[in-house]
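Engineer: Before I ask anything, let me first share the structure, which is written out below as structure tokens.
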Amino acid sequence: MNEALNEIFLKLDQIIIAPLITLLALAAFVYFLYGVVVFIQNAGDAGKRKKGQQHIIFGLFGLFVIFGATAILNLLKSIFPGS
């Protein structure tokens, strides 16, 4: 029974979790790049430049959270190698 449960969690990680984390990391990076473009294009307008700066900060925060979650998952996988 334990081996079957480990197999289910392994497949869940391979099919759903890993691609989802990759997709979210890509989305956060694109959001970051969008912020950089907005920031550079509107260098003369303080309001729009602030908006671009917020996009940059939120994109970096998203990347930090995603990579932190990935690190925690990898730590758990090393602690419980059968799963």
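The values are calculated or read from the model by the stated rules, or taken from the named source; none is laboratory data. Quantities reported herein were computed from a predicted structural model and do not represent experimental measurements. FYI the Cβ positions are ideal-geometry reconstructions off the backbone, even for glycines, and counts take in every protein chain you see.
Engineer: From the residues in the stretch 21-42 that are within 11 Å of the chain's Cα centre (by Cα), of a type in the set (Gly, Ala, Ser) and surrounded by 15 or more Cβ atoms within 10 Å (Cβ to Cβ), which one is nearest to Ala69 (Cα to Cα)?
Structural biologist: The selected residue is Ala25.
Engineer: Further, regarding this structure: Would you check which residues across the stretch 70-83 are part of a helix (DSSP H, G or I) and under 22 Å from Leu5 (Cβ atoms) and list them? Don't jump to the end; show me each part of the working.
Structural biologist: Taking the stretch 70-83 as the starting set, the residues that turn out to be part of a helix (DSSP H, G or I) are 70-79.
Within the stretch 70-83, Ile72, Leu73, Asn74, Leu75, Leu76, Lys77, Ser78, Ile79 qualify.
Engineer: Looking at (1) more than 30 Å from Asn2 (Cα to Cα); (2) free of Cβ contacts under 8 Å to residues at least 40 places away in the same chain, find the lone condition where Leu24 falls short.
Structural biologist: Of (1) more than 30 Å from Asn2 (Cα to Cα); (2) free of Cβ contacts under 8 Å to residues at least 40 places away in the same chain, only one is false for Leu24: (2).
Engineer: Shifting gears a bit: Consider Ala18 carefully, then state whether it is modelled with pLDDT of 95 or more, under 30 Å from Phe80 (Cβ atoms) and surrounded by 12 or more Cβ atoms within 10 Å (Cβ to Cβ). Walk me through it before giving the result.
Structural biologist: Values: modelled with pLDDT of 95 or more: no; under 30 Å from Phe80 (Cβ atoms): yes; surrounded by 12 or more Cβ atoms within 10 Å (Cβ to Cβ): yes.
Against the criterion (modelled with pLDDT of 95 or more, under 30 Å from Phe80 (Cβ atoms) and surrounded by 12 or more Cβ atoms within 10 Å (Cβ to Cβ)), Ala18 does not qualify.
Engineer: While we're on this one: Whether any residue in the stretch 54-68 is in contact with a Leu (Cβ under 6 Å, 6 or more places away or on another chain) and within 25 Å of Pro81 (Cα to Cα) is what I want to check. Lay out the reasoning, then the answer.
Structural biologist: Kept after step one, since they are in contact with a Leu (Cβ under 6 Å, 6 or more places away or on another chain), are these residues of the stretch 54-68: 66.
Restricting the remaining residues to those that are within 25 Å of Pro81 (Cα to Cα) gives 66.
Taking every residue of the stretch 54-68 in turn, at least one turns out to be in contact with a Leu (Cβ under 6 Å, 6 or more places away or on another chain) and within 25 Å of Pro81 (Cα to Cα).
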